[in-house]
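Written out below as structure tokens is the structure these notes cover.
The values are calculated or read from the model by the stated rules, or taken from the named source; none is laboratory data. Note that the structure is predicted; figures quoted are calculated from it, not measured. Every residue, glycine as well, gets a Cβ built from its backbone with ideal geometry; the counts of neighbours run over all protein chains shown.
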């Protein structure tokens, strides 16, 4: 699966597997040089785009402690990171994600984008343009970073 195109069939021989990745030698159908270059450029852009938008780190809570508990690790205008629950299976890198993420008992955010990283139980998603609504970021900032005594219910 290339991030810039639909799934494609390819045929090759595994030449190497190590911590850096997998090397496959073509032995049949293979993406064109233009498709490979477009994928390389797309992969190089994602880290810059992710760092380009300030992240709102969501504080973790110990089980049983008062406050909001969520699987969301951080969120920005361009993407988010969250932890899978034990019942969830990991989506493949490059796969589309569409649905809702339960932030807490009162807040759900709609997400639509692609999985760009899967490390352990942590999933990183880049939103489709135009990204996350700034009002949702403001709501999350209020919900998680306002001093405890001044929290107002959000409806």
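Quick grid of which residues meet (1) at pLDDT 80 or above; (2) in contact with a helix residue (DSSP H, G or I) (Cβ under 7 Å, 6 or more places away or on another chain):
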residue: 2; (1), (2): no, yes
residue: 6; (1), (2): no, no
residue: 10; (1), (2): yes, no
residue: 16; (1), (2): yes, no
residue: 20; (1), (2): no, no
residue: 28; (1), (2): yes, no
residue: 33; (1), (2): yes, no
residue: 37; (1), (2): yes, no
residue: 44; (1), (2): no, no
Next on the checklist: Under 6 Å between Cβ atoms, which residue pairs at least 6 apart in sequence (or on different chains) link something in region 1-20 that is within 19 Å of residue 39 (Cβ to Cβ) with a partner that is modelled with pLDDT of 85 or more and loosely packed, with under 10 Cβ neighbours inside 10 Å?
Outcome noted: 11/28
Item to check | residue 99 at pLDDT 85 or above and within 17 Å of residue 131 (Cβ to Cβ) | outcome: yes
Item to check | Complete set of residues in region 105-126 that are in a loop (DSSP other than H, G, I, E, B) and surrounded by fewer than 16 Cβ atoms within 10 Å (Cβ to Cβ) | outcome: 105, 106, 120, 121
Item to check | Number of the condition not met by residue 91 [criteria: (1) part of a helix (DSSP H, G or I); (2) surrounded by 15 or more Cβ atoms within 10 Å (Cβ to Cβ); (3) at pLDDT 80 or above] | outcome: (1)
